[in-house]
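*Asks:* To start, I am sharing the structure in question, which I have written as structure tokens.
The values are calculated or read from the model by the stated rules, or taken from the named source; none is laboratory data. Predicted model, so just to flag it, every value in this text is computed and none were measured. Please note: Cβ atoms are built from the backbone with ideal geometry, for glycine as well, and neighbour counts cover all protein chains shown.
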Amino acid sequence: MCKAFINIKSIIFSKLIQKLKSLRSEKSIITLKSNNPKGSRRGINKIILIILIVSPLLFVFFTGYPIQTYRETQKNGVILSKRCFKVGELKQFIRCFQSGKRISGIHLVTDLQTKLSSLFPFFDVVFFGGIAGIVIGILIL
Amino acid sequence: MNKHIFLIILCCYAVFFVATPPFQLNDEPDHFQYVFWLTKGVFPQVPKTGGMPIFDKNISATYNVLEVASNDNNIPNFSKIKSAREQNMYFNTLFRSTPLTYQAHHPPLYHFIASFPFRIANYLFHSLIPIYYVVRLTSTFFFFLTVFIVWHIAYQLIKNKKIADYLSVVFAINPVTLKMGIAINPDIAAVTLALSILLTFLAVRNKPITKWFLVLITTLLTLGAYIKFQNTVFFLFAFFILLFRGIQEKKVCPYLIRGIVVCFSGFILFLPWMIHSYITSGSITPSSLVYTFFCTQNNPRYTWYAVPIQALLEFRHPISHFAGFLGWGEPYPFKLFFIPYTVIFCLFLIVGIRKTVSLKNKDWIIYLFPHMALIILFFLGVSFTYKINRYSCDIQGRYLLTALFPFILLIFQGASSLIKTKKETMAYIMFLFSIWQFLFILCYVLIPRYYV
């Protein structure tokens, strides 16, 4: 059983290494170690470009979302409690960011994971797998 | 198509599919109900007046747990959804009279196709939420079929596989395409059929037209019309192209007859639906009746010379929607993003049209332009109706989804002529921007709307 597991593992790893080698030979952006200075500069430029493309993800991960609610009293005296992040309202988003609580980093990931998995089993896996797939897809291209 | 490109499309689709909670997209509860009644062997009807209760009490109770789209300040109650799923919540309704749904104004083909996955899922699960997700797979099928067709159209017109790959991604991961690609709604199927008609004509542009081709095109036209009424405009497109082929081959009369035969056959095949609509709702275009129920007459009355200008200006809405409006309800990106997006989109589009005309690119002018123009003209007519009747409704991005790929091709032409660079590089830039746009809309529209 253990031997079979080791065999499968070694097959998977050897395939992964082969794939990485083939990517190197295709001069993909993973190729950073290059004797050609022009090639390495191009690789760095590509990495900067990819960071720019995935910047919304990075920004959300590190800065997060404001989660407080704000209360608005209407003319008839009714108090409405609204979410702070009203989609599309940049000013409100910035104001809430400066003054209130926010959810970011691992907390945000865990919160999303819980909510997605309550919609349907494994939806969290598909969601985060999908995002990883997009990033890998850009890296390979 | 390059497998890595396909992987990116697949991942973007999967992320939107799982991240959009049930019944949040345009008119989904109504469309789902339409499918539900068809599986029961009952054909629903359009209500005679607006504001009527269109859901059975039991169905309403179910939707109250799941539906949040019309209430912009709420996020879904995930624990309620979880318990509904675990308790196998389901419609338990016994109808006494003909069921009503506003979406019954749509021809039934999409809903009929969707009724098959519904039946299978119903047999396997008998629980509303799994059934809902399985029925969504109907749109998944049409989404990927559209991507396949779009790639082939790009390849037919540009003859470069890499550019076709990049531009297909730009179309496929646009938030409006993704939104309609996952929604239980006939819009994506309507796009599939409309673009397949264009591709079929492009594929035989240098080949003789056979009897079997005419049968195929009549079938596609009829199926398209049975999915959404707006696709009837492509009967005119087929007639125009056949006439053009006749002029090109100096056989005007035979081709004119072929055009008439195709249109007449399609009309005869579509006639049962029009008769049904006339009998049940008193109109052969029941969609126009439904507009009168939904669109309130609270717009200002325009003078006669302002109506055409207002009708044209209405098209700012669908174009800005392509920036990432995920409506129903309110999800839209920051103005700082969608206003410049709309301006740049229009600028490149106009330059692209000018460039294509000046280059005298025959295939683009003969095939792509009329296809795009006919759907725009159809909605220009709708827009005129709105402005004349003071309706507050707007032309949405999803209505013009059929024209989005022609728009992207023309924007590509416009951008390549304005920014002096290799065409392949331009397509790559558009591809990278579309990925950034996807992630931006995911992070700043979709997730905040439903999760935080």
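*Asks:* I need the helices (runs of 4 or more DSSP H) fully contained in the stretch B:97-196, keeping only those with at least 3 residues that are farther than 30 Å from residue B:40 by Cα. Full working, then the answer.
*Replies:* Values: elements: B:109-124, B:128-158, B:161-172, B:175-182.
Answer list for the stretch B:97-196: B:128-158, B:161-172, B:175-182.
*Asks:* Would you confirm, using the coordinates I've provided, whether residue B:399 is in a helix (DSSP H, G or I), of a type in the set (Phe, Trp, Tyr) and surrounded by 20 or more Cβ atoms within 10 Å (Cβ to Cβ)?
*Replies:* Details: in a helix (DSSP H, G or I): yes; of a type in the set (Phe, Trp, Tyr): yes; surrounded by 20 or more Cβ atoms within 10 Å (Cβ to Cβ): yes.
In short, yes.
*Asks:* Looking at the stretch B:236-271, which of its residues are among the aromatic types (Phe, Trp, Tyr) and touching a Leu at 6+ places or on another chain (Cβ under 6 Å)?
*Replies:* Step one: filter the stretch B:236-271 for residues among the aromatic types (Phe, Trp, Tyr), giving B:237, B:239-240, B:244, B:255, B:264, B:267, B:270.
B:237, B:255, listed by residue number.
*Asks:* Of all the residues that make up the stretch A:82-141, how many are in a strand (DSSP E or B) and either more than 10 Å from chain B (Cβ to nearest Cβ) or touching a residue at least 24 places away in the same chain (Cβ under 8 Å) (or both)? Lay out the reasoning, then the answer.
*Replies:* If we filter the stretch A:82-141 for residues that are in a strand (DSSP E or B), which is where we start, we get A:82-83, A:102-103.
After this cut, where a residue has to be either more than 10 Å from chain B (Cβ to nearest Cβ) or touching a residue at least 24 places away in the same chain (Cβ under 8 Å) (or both) as well, the list is A:102-103.
Selection size over the stretch A:82-141: 2.
*Asks:* Tell me whether the stretch B:202-211 contains one or more residues that are in a helix (DSSP H, G or I), surrounded by fewer than 22 Cβ atoms within 10 Å (Cβ to Cβ) and over 28 Å from the mean Cα position of the chain (by Cα). Can you show your working first?
*Replies:* Residues of the stretch B:202-211 that are in a helix (DSSP H, G or I), as a first pass: B:202-203, B:211.
Narrowing the set further to residues that are surrounded by fewer than 22 Cβ atoms within 10 Å (Cβ to Cβ) leaves B:202-203, B:211.
If we keep only those that are over 28 Å from the mean Cα position of the chain (by Cα) too, we end up with B:211.
Looking for residues that are in a helix (DSSP H, G or I), surrounded by fewer than 22 Cβ atoms within 10 Å (Cβ to Cβ) and over 28 Å from the mean Cα position of the chain (by Cα), one finds at least one in the stretch B:202-211, hence yes.
*Asks:* Just checking, does the stretch B:226-237 include any residue being within 29 Å of residue B:113 (Cα to Cα) and among the charged types (D, E, K, R)?
*Replies:* Step one: filter the stretch B:226-237 for residues within 29 Å of residue B:113 (Cα to Cα), giving B:226-237.
Now drop any that are not among the charged types (D, E, K, R), which leaves B:228.
For the stretch B:226-237, residues within 29 Å of residue B:113 (Cα to Cα) and among the charged types (D, E, K, R): present.
*Asks:* Answer yes if at least one residue in the stretch B:92-103 is in contact with a His (Cβ under 7 Å, 6 or more places away or on another chain), more than 14 Å from chain A (Cβ to nearest Cβ) and either crowded, with 20+ Cβ neighbours inside 10 Å or at pLDDT 85 or above (or both), and no otherwise. Outline the logic, then answer.
*Replies:* We begin by selecting, within the stretch B:92-103, every residue in contact with a His (Cβ under 7 Å, 6 or more places away or on another chain); these are B:103.
With the extra rule that they be more than 14 Å from chain A (Cβ to nearest Cβ), the set shrinks to B:103.
Okay, now just the ones that are also either crowded, with 20+ Cβ neighbours inside 10 Å or at pLDDT 85 or above (or both), so B:103.
Yes, the conditions are met somewhere in the stretch B:92-103.
*Asks:* Looking at this structure, is residue B:204 free of Cβ contacts under 8 Å to residues at least 60 places away in the same chain and either under 19 Å from residue B:224 (Cβ atoms) or in contact with a Phe, Trp or Tyr (Cβ under 8 Å, 6 or more places away or on another chain) (or both)? It would help to see each step written out before you state the result.
*Replies:* Working: free of Cβ contacts under 8 Å to residues at least 60 places away in the same chain: yes; either under 19 Å from residue B:224 (Cβ atoms) or in contact with a Phe, Trp or Tyr (Cβ under 8 Å, 6 or more places away or on another chain) (or both): yes.
It is true that residue B:204 is free of Cβ contacts under 8 Å to residues at least 60 places away in the same chain and either under 19 Å from residue B:224 (Cβ atoms) or in contact with a Phe, Trp or Tyr (Cβ under 8 Å, 6 or more places away or on another chain) (or both).
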